[in-house]
Amino acid sequence: MSYSFEYIDIILLAMIAGFIFLRLRGILGKKTGYEENINPTFSQEVPETKTSPVLNAETFDDAAKKDFLNGAKIAYESIITSFSKGDLKSIKNLLAKNVYEQFDEAIKDKKARNVTSETTFIGISSAEIKEHNQNKNMLEVSVEFVSEIISCIKDKDNKIISGDSQKVKKVLDTWKFTKDSTSKNPNWLIVDTQA
């Protein structure tokens, strides 16, 4: 009698295996020999790319201004937050040499006075191009930023000596960006900052 249960188990397992095989075949299909030959290599053709026109004062239209302002806002926020942390390495490629040196001097001055600054960037309320012109190959664009930040300066004992760690204040900055119109480098450099 015990042998009959073993045969029933084997038959039951064979039926389950057959059911699984049929389900997989239904889902995955079967190879018939008429499949398309799929070549695993990529096409060597390089797609044609549209070359953008040389950027100059005449081609600095509304669409170009909008793209520029979007990038300028990102650069502005990155520079403000990195400067407040004392990290100029991550933004060095966005700053002209004279601006980099001014920022570096300000950071060294804070360290010499043994003070720290805390800045929380809330956001940009507005960014507006005040003027743009071209001097030979160099494009220059001045942007007025109105931003909201929380900032304070603390002494070595962590006491606030200026600013307010709770109060949001509006900040008005005018920054001048420049770029060689013939350069393929997409980065603009900040050549002047005025608060």
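Just so you know, all these numbers are worked out from the coordinates, no wet-lab data involved. As the structure is a computational prediction, the values presented were derived from the model and not from experiment. All Cβ positions, even for glycine, are placed from backbone atoms using ideal geometry, and neighbour counts span all protein chains on display.
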For I129 and E105 in the same chain, what is the full-extension length gain: residue separation times 0.36 nm, less their Cα-Cα distance, in nm?
-> 5.8 nm
Stretched fully, the stretch from I8 through L24 gains (0.36 nm per residue minus C-alpha distance, one decimal, in nm) 3.3 nm
Kindly rank 153-160, 62-69, 172-179 from highest to lowest mean number of other beta carbons found within 10 Å of each residue.
-> 172-179, 62-69, 153-160
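Taking 25 Å as R0, compute the FRET efficiency from the Cβ-Cβ separation of E118 and N187 and round it to 0.05.
Once rounded, the FRET efficiency stands at 0.30.
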For each pair in K111/K159; K66/K97; K111/K156; K89/K130; K66/K176, compute the distance between the two Cα atoms and list the pairs where it is over 18 Å.
-> K66/K97; K89/K130
